[in-house]
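Input: a single structure, listed below in C-alpha cells.
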C-alpha cells in the first residue's frame, strides 16, 4: 500500500513539474499572460473562417480544433524560453516540414500524421519581438498542407483570425446592446 501511494505521489509530482509538452498545456499556461491574444475557434465559427479563401474553406472544413495565440517575446531570454517550449511540444511526435532559423528568430511548420492523413498542424513564428502559433487538429490532405505552407497561407490565416475576432467597440458583445453605448433613437 505504501509503495502504491508513493508511486501515485511520484506521478503527480512529475506531471506537475513537467515541461510544456502539449498545445493544451502551452495554451492554458500562457492565455492569461500580459499582452497575449488567444483565440480558440468554436466549431460553429469554423465555417466563417472558411470564407477567407477557397483553400481555407477546404482546410477548415476538416478541422475539429483551431487555435491561434500571439504573445510578446521582447527579450532574448523570453524568446529562447518560448522556442524551447515549442521544441518540446513538437519533439519526437511531430514531423518538421519547414524550419527557418535566424539567430533566435524561428519560423517552423510541423505536422503529425496517421497513415496518409495529416492529423495536426502546428505553425510557430517568433521574430524576437512577438511570437505566435497556429494549431489545427482534424483530417487534412498532405498535398494541400504542403501547398499552403509554400504559399504562406498559414501566416495569412493567423492574421485573418485576429481580424475576425477584433471588434471596433470592445464594450459590447455582438448582438447585445450595452446601455452605456446605445444611441438615442
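The values are calculated or read from the model by the stated rules, or taken from the named source; none is laboratory data. All values derive from a computational prediction rather than experimental measurement. Note that we place each Cβ from the backbone using ideal geometry, even for glycine, and neighbour counts take in every protein chain shown.
Worth pointing out:
- Answer from 47, 110 - the residue that is closer than 16 Å to residue 155 by Cβ and either free of Cβ contacts under 8 Å to residues at least 24 places away in the same chain or part of a loop (DSSP other than H, G, I, E, B) (or both): 110
- Taking the numbered list (1) over 19 Å from residue 30 (Cβ atoms); (2) exposed (fewer than 15 other Cβ atoms within 10 Å of the Cβ) in turn, residue 81 passes all entries but (1).
- The listed residue being at pLDDT 90 or above, closer than 25 Å to residue 150 by Cα and surrounded by 13 or more Cβ atoms within 10 Å (Cβ to Cβ), out of 94, 98: 94
- Criterion (under 22 Å from residue 57 (Cβ atoms), out of contact with any strand residue (DSSP E or B) (no Cβ under 8 Å at 6 or more places or on another chain) and surrounded by fewer than 21 Cβ atoms within 10 Å (Cβ to Cβ)) met by exactly one of 156, 114, 119: 156
- Criterion violated by residue 108 - all others in (1) surrounded by fewer than 19 Cβ atoms within 10 Å (Cβ to Cβ); (2) under 16 Å from the mean Cα position of the chain (by Cα); (3) farther than 15 Å from residue 143 by Cα satisfied: (1)
- Hey, residue 88 farther than 22 Å from residue 33 by Cα and in a helix (DSSP H, G or I) or not: no
- Test: residue 140 is surrounded by 16 or more Cβ atoms within 10 Å (Cβ to Cβ) and modelled with pLDDT of 50 or more: yes
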